[in-house]
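S.K.: Below are the structure tokens for one structure; questions will follow.
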Amino acid sequence: MKVLVIGSGGREHSLVIACKKSPLVDEIIAAPGNGGMSLDADCRPVDVNDAEAIVALAKEVAADLVIVGPEAPLAAGAADKLREAGFDVYGPNLDGARLEASKTYTKEFLINNKIPTAWGEKFKDFSKALTYLRNAEYPLVIKADGLAAGKGVLIVDNFTDAEQVAHEMLIKNTFGEAGHEILVEEFMDGEEASIMLMVSGEDYVMLPASQDHKRAGEGDTGLNTGGMGAYAPAAVVDDAVEQKVRDEIIVPTLKALKEDGIDYRGTLYIGIMVLPDGQPKVVEFNVRFGDPECQILLPLLEQDPVQLILDCAKGQLKPETVRVKDEYSMIVVMAAGGYPNAYHKGDVISLPTELPDNVSIVHAGTKKNDAGEIVTAGGRVLGVVANAPTLQQAKEDVYQAVDKVTWKDAYYRKDIAWRQLAREA
Ligand code: AMP
Ligand code: GLY
């Protein structure tokens, strides 16, 4: 089978690695890909926001399966157009992709279907928003409605800050079209976890719960990033929480999608907040694998992830057949110094020639230069992944390998999984 993987991040490299290991796959094309993917796949240029260009490429390479990694092509209708052209696709159509592309739509979807979430109010009009914010209790969360690359969510502690954020979004257009409508939401205090489902219609496979570290600094401080590391399984989702997630969140969500006429095929990523009393509530939906969560979840599967992806794409997933390894997995993301602010590109990366069997390196912001060297080309440069029987062992193995990856000004967090490791201790 010929597989086309759309995207250029760590998530997509881990999908390419899964394809490389799969007996189902004989040829991998990645578009646009990155330095690491160019070692494992035939990389082709493509604008991921251009649905027509993606269809043209799928036709040109005669893909048997197209895996859409990021949300941007899905929000641009790439999955719809690929399906219209007869391709098997992993990733939802526009109707499903709205669960990530519009926070106000999703809030209404959750409330209408009585799925636990924070209460929220939407506003397009600045003065109406101000009246509401003046009389509200703080802290509150203000979100730009549309896709804002993780930057459109702000927690505000008082009316002055809230007014400023609402002004930035609704009047100053700092977030462009994405901020023309805002969602004002209740602040939930608890512990976050990521639930990744592989979905075909009402059938789903739930991958182990994971936890990522979005802040740049140790102890989860500092600026928000795309994710500096993650681990799974995350113990905050214990059996009781998992049962609630299935019964109160997953089942009603998939049922409602079906009732709305949406044939969802792809990943549904449910960001949850586990409140101190054990109640999980939905923070957000994403319509693609988490990055860096994907990089640790695929290696935890006992069976071939590509088979599951293909089954979802064809709408014939058999959930009872899914098996997960009795192991822990951890990823440490290595970033260019300065990220998520300005950072340097083009530094040559020195990679270890050999790695233990349980360790792998997944590329994100890398590329091959004219001299054939792998150089930095983005903020989050690469991730080091380790699988082990215990979380502590996974941590030791991952950081041993991190020490062997070097470039000028590489930065990484040394405390991935600190909450769970502290609890275990
Ligand atoms: P979102 O893009 O909606 O996932 O929001 C980004 C991040 O903001 C989440 O991962 C949470 O850490 C935080 N967040 C969003 N909504 C809330 C909320 N209602 N209460 C507390 N934290 C939130
Ligand atoms: N790791 C968070 C995300 O992929 O949105």
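S.K.: Do the conditions hold for residue 42, that is, is it farther than 23 Å from residue 383 by Cα and either open to solvent by 60 Å² or more (accessible area, probe 1.4 Å) or among the charged types (D, E, K, R) (or both)? Steps first, answer last, please.
M.R.: Working: farther than 23 Å from residue 383 by Cα: no; either open to solvent by 60 Å² or more (accessible area, probe 1.4 Å) or among the charged types (D, E, K, R) (or both): yes.
Judged against the criteria, residue 42 is not a match.
S.K.: Out of the residues in segment 312-337 meeting the condition of being open to solvent by 70 Å² or more (accessible area, probe 1.4 Å) and basic (Lys, Arg), tell me which one is farthest from residue 10 (Cα to Cα). Please lay out each step first, then the result.
M.R.: Residues of segment 312-337 open to solvent by 70 Å² or more (accessible area, probe 1.4 Å): 314, 316, 318, 320, 323, 326.
With the extra rule that they be basic (Lys, Arg), the set shrinks to 314, 318, 323.
Values: 314: 25, 318: 28, 323: 24 Å.
So the residue we want is 318.
S.K.: Next question. Is there any pair with a first residue in segment 174-191 that is within 10 Å of residue 143 (Cβ to Cβ) and touching a residue at least 40 places away in the same chain (Cβ under 8 Å) and a second that is open to solvent by 30 Å² or more (accessible area, probe 1.4 Å) and in a loop (DSSP other than H, G, I, E, B) whose Cβ atoms are under 7 Å apart and which are 6 or more apart or on different chains, and what are they?
M.R.: 181/124
S.K.: Shifting gears a bit: From the list 144, 178, 101, which one is within 16 Å of ligand 1 (Cβ to nearest atom), among the aliphatic types (A, V, I, L, M), at pLDDT below 95 and open to solvent by 20 Å² or more (accessible area, probe 1.4 Å)?
M.R.: Details: 144 fails: open to solvent by 20 Å² or more (accessible area, probe 1.4 Å); 178 fails: open to solvent by 20 Å² or more (accessible area, probe 1.4 Å).
From the options 144, 178, 101, the qualifying one is 101.
S.K.: If you go through segment 40-73, how many residues are over 19 Å from residue 92 (Cα atoms) and touching a residue at least 60 places away in the same chain (Cβ under 8 Å)?
M.R.: Residues that pass the stated criteria total 1.
S.K.: Of the residues 264, 231, only one is within 16 Å of ligand 2 (Cβ to nearest atom), modelled with pLDDT of 95 or more, surrounded by 17 or more Cβ atoms within 10 Å (Cβ to Cβ) and of a type in the set (Ser, Thr, Tyr); which?
M.R.: Details: 264 fails: within 16 Å of ligand 2 (Cβ to nearest atom).
It is 231.
S.K.: Can you tell me which residue among 290, 271 is open to solvent by less than 10 Å² (accessible area, probe 1.4 Å), within 13 Å of ligand 1 (Cβ to nearest atom) and assigned to a loop (DSSP other than H, G, I, E, B)? Reasoning before the result, please.
M.R.: Details: 271 fails: assigned to a loop (DSSP other than H, G, I, E, B).
Result: 290 is the single residue among 290, 271 that is open to solvent by less than 10 Å² (accessible area, probe 1.4 Å), within 13 Å of ligand 1 (Cβ to nearest atom) and assigned to a loop (DSSP other than H, G, I, E, B).
S.K.: For residue 187, work out the one condition from (1) within 16 Å of ligand 1 (Cβ to nearest atom); (2) within 21 Å of the chain's Cα centre (by Cα); (3) open to solvent by 20 Å² or more (accessible area, probe 1.4 Å); (4) at pLDDT 95 or above it doesn't fulfil.
M.R.: Failed condition: (2).
S.K.: If the Cβ limit is 7 Å and pairs must be 6+ apart or interchain, which residue in segment 362-383 that is under 12 Å from residue 349 (Cβ atoms) pairs with which residue that is of a type in the set (Asp, Glu) and in a loop (DSSP other than H, G, I, E, B)?
M.R.: The qualifying pairs are 375/347; 376/347.
S.K.: Here is a follow-up. Could you check how many residues of segment 154-175 are of a type outside the set (D, E, K, R), modelled with pLDDT of 90 or more and in a loop (DSSP other than H, G, I, E, B)?
M.R.: Of the residues in that region, 2 qualify.
For (1) more than 29 Å from residue 226 (Cβ to Cβ); (2) open to solvent by less than 60 Å² (accessible area, probe 1.4 Å); (3) in contact with a His (Cβ under 8 Å, 6 or more places away or on another chain), each residue gets a yes or a no:
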site	(1), (2), (3)
129	no, yes, no
135	yes, no, no
154	no, no, no
161	no, no, no
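S.K.: While we're looking at this one, here's another question. When residue 277 is evaluated against the numbered criteria (1) within 16 Å of ligand 1 (Cβ to nearest atom); (2) touching a residue at least 60 places away in the same chain (Cβ under 8 Å); (3) part of a loop (DSSP other than H, G, I, E, B); (4) out of contact with any Ser or Thr (no Cβ under 6 Å at 6 or more places or on another chain), which criterion, by number, is the only one it fails?
M.R.: The one condition residue 277 does not meet is (2).
S.K.: Based on this model, can you work out whether residue 72 counts as assigned to a helix (DSSP H, G or I), within 16 Å of ligand 2 (Cβ to nearest atom) and not charged (D, E, K, R)? Even if it seems obvious, please write down each step before you answer.
M.R.: Values: assigned to a helix (DSSP H, G or I): yes; within 16 Å of ligand 2 (Cβ to nearest atom): yes; not charged (D, E, K, R): yes.
When the stated conditions are applied, residue 72 passes them.
The values are calculated or read from the model by the stated rules, or taken from the named source; none is laboratory data. The model shown is predicted, which means the values in this text are computed figures rather than measured ones. Positions of Cβ are generated from backbone atoms using ideal geometry, with glycine treated the same way; all protein chains shown enter the neighbour counts. Surface areas here come from the heavy atoms of the whole protein model, side chains and all, with no ligands, DNA or RNA. Shrake-Rupley method; radii C 1.70, N 1.55, O 1.52, S 1.80 Å.
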